[in-house]
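Visitor: Below are the structure tokens for one structure; questions will follow.
Laboratory data are not the source of any read-out in this text; all were calculated from the coordinates shown. Just so we're clear, the structure is a prediction, and the values are computed from it rather than from any experiment. Every residue, glycine as well, gets a Cβ built from its backbone with ideal geometry; the counts of neighbours run over all protein chains shown.
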């Protein structure tokens, strides 16, 4: 998993995401209306009041088993159940262009994962040898400054799909642009083998003077493929550019 992805020209780390973990104030939310009222004299503090800026569901309080980085890999079974692939072994740097490789031996077959930094971003290349299973998936989390505000959007070609705060499911996707006006830049996702994409906002729950609220921390791009489509090399590229500028695919 990649934990840091800096774009120095934009002064931004796309890996600056926040993992959902159990917070002490979650207990108040779970208690909900059964929590005792404030009976002491004086004004209740912000942390004693039970007010909600947003609707909070039990799903919003679930914790993350892993950090929210880039290229979190999973193997899928026929029912879509996912098994995290976490035991990659570092094989060392493999090239002059900031390229490093990892390998993972499975009970049947192996996966080689190569990460490469280039002038305008980074890429991940996967090679599968004799791997059994029904599918493969990887998760990419990107911190986008516009969050769920109006200045951030998904573009499919020249078509605006919608904002980062919306949920999207797309089939046969090979390219997607994430455009962020507050950042003043964009991220172009390019995939060598078309994927099924689930794009969702990643929220955490916080407590403030306004009450309990959901704060968007990242965009989550969940990409999956049937294993039968991955007989060749799979390459996923992330290219960063300032708005109004374009870069050729490396």
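Residues are listed down the side, and each one gets a yes or a no for (1) in contact with a strand residue (DSSP E or B) (Cβ under 9 Å, 6 or more places away or on another chain); (2) on the phi < 0 side of the Ramachandran plot; (3) without any contact (Cβ under 8 Å) to a residue 12 or more places away in the chain; (4) loosely packed, with under 13 Cβ neighbours inside 10 Å:
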position: 71; (1), (2), (3), (4): yes, no, no, no
position: 80; (1), (2), (3), (4): yes, no, no, yes
position: 88; (1), (2), (3), (4): yes, yes, no, no
position: 99; (1), (2), (3), (4): yes, yes, no, no
position: 103; (1), (2), (3), (4): yes, yes, no, no
position: 112; (1), (2), (3), (4): yes, yes, no, no
position: 116; (1), (2), (3), (4): yes, yes, no, no
position: 123; (1), (2), (3), (4): yes, yes, no, no
position: 129; (1), (2), (3), (4): yes, yes, no, yes
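Visitor: So, one more: Of the conditions (1) under 30 Å from residue 83 (Cβ atoms); (2) assigned to a strand (DSSP E or B); (3) touching a residue at least 60 places away in the same chain (Cβ under 8 Å), residue 144 fails just one. Which one is it?
Guide: (2)
Visitor: Whether any residue in the range 144-159 is more than 20 Å from residue 13 (Cα to Cα) and touching a strand residue (DSSP E or B) at 6+ places or on another chain (Cβ under 7 Å) is what I want to check.
Guide: Within the range 144-159, one or more residues are more than 20 Å from residue 13 (Cα to Cα) and touching a strand residue (DSSP E or B) at 6+ places or on another chain (Cβ under 7 Å).
Visitor: Evaluate the following for residue 161: is it outside any loop (DSSP other than H, G, I, E, B) and within 24 Å of residue 242 (Cβ to Cβ)?
Guide: So residue 161 passes the test.
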